[in-house]
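Reviewing the structure listed below.
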Amino acid sequence: INFARVNSSLITSNTASSNSQHGIYLSTSSNNTITSNTVNSNGNGIYLILSSNNTITSNTANSNIYGISIVIRSNNNQLVSNTANSNSQRGIFLSSSSNNTITSNTANSNTYYGFLLSASSNNNQLVSNTANSNNNAGIFISSSSNNVISDTTLLSNIVKDVTFSGSSVNNTFL
């Protein structure tokens, strides 16, 4: 399911599996709602690039290479109650994307990280998420600052529950 330059649309109740690239892909799109979809065994389960002010809720993105990716100036998005488990790289990934709110998501048993914030992903809010049994870190923050992580469950992650790298400053854990 590919959307480019699409605004104010609804993507709901679809199944997108076994695609070499993306289950759901948004590029340069805003004010869309992606809800109640199943995207398993793809390259990327859900992938947003240059896409802001979208709502991603109640989706399942399991057994992909990357579960949910929010990249390159994809700002002010809401991710609520999604599941990104058993992905071969990362569960939920932000790169160069800021001011996103990530609430009540689950990212368990991913090969590397449950949640990864990298490359100046700043001023994001992670609230009431779960990251358990990931093979590296539950949350990895690399060169990203001023993020707030609160009420998050981190259990049995193999390397560490939380890891920082690069110039990551002023991140707050509550």
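Descriptive notes on the structure:
- Entry remark, the range 143-171: residues being open to solvent by 20 Å² or more (accessible area, probe 1.4 Å), closer than 20 Å to S69 by Cβ and among the small types (G, A, S) number 4 in total.
- Complete set of residues in the range 99-116 that are over 17 Å from N157 (Cα atoms), within 12 Å of the chain's Cα centre (by Cα) and not aliphatic (A, V, I, L, M): N100, T101, T103, S104
- Matching residues in the range 14-38 - criterion: being under 11 Å from I56 (Cβ atoms) and in contact with a Gly (Cβ under 9 Å, 6 or more places away or on another chain): I24, N37
- Selection within the range 87-142 - under 18 Å from S58 (Cα atoms) and either assigned to a loop (DSSP other than H, G, I, E, B) or at pLDDT below 95 (or both): N87, N100, S104, N105, A107, N108, S128, N129
- Tally of residues being within 19 Å of R73 (Cβ to Cβ), touching a strand residue (DSSP E or B) at 6+ places or on another chain (Cβ under 6 Å) and open to solvent by 40 Å² or more (accessible area, probe 1.4 Å) across the range 109-142: 2
- Qualifying residue in the range 70-83 (condition: within 10 Å of the chain's Cα centre (by Cα), open to solvent by 30 Å² or more (accessible area, probe 1.4 Å) and under 17 Å from N132 (Cα atoms)): yes
- Residue match in the range 34-48 (condition: open to solvent by 30 Å² or more (accessible area, probe 1.4 Å), polar (S, T, N, Q) and within 13 Å of I11 (Cα to Cα)): yes
- When we screen I11, I68, I1 for residues that are modelled with pLDDT of 95 or more, within 25 Å of N123 (Cα to Cα) and hydrophobic (A, V, I, L, M, F, W, C), the only hit is I68.
- When the range 84-108 is filtered for residues that are under 17 Å from I149 (Cβ atoms) and crowded, with 24+ Cβ neighbours inside 10 Å, the ones remaining, listed by number, are A84, R90, G91, I92, F93, L94, S97, N100, I102, N105, A107.
- The range 1-30 residues that are surrounded by 11 or more Cβ atoms within 10 Å (Cβ to Cβ), paired with ones that are in a strand (DSSP E or B) and modelled with pLDDT under 95 (beta carbon under 7 Å, 6 or more apart): none
- Filter result (β-branched (V, I, T), more than 14 Å from N32 (Cα to Cα) and open to solvent by less than 30 Å² (accessible area, probe 1.4 Å)) within the range 55-69: I68
The values are calculated or read from the model by the stated rules, or taken from the named source; none is laboratory data. Small disclaimer: the values here were computed from a predicted structure and weren't measured. Every residue, glycine among them, receives a Cβ derived from its backbone with ideal geometry; neighbour counts consider all protein chains shown. Quick note on the areas: whole protein, heavy atoms, side chains included, nothing else; ligands and nucleic acids left out. Shrake-Rupley method; radii C 1.70, N 1.55, O 1.52, S 1.80 Å.
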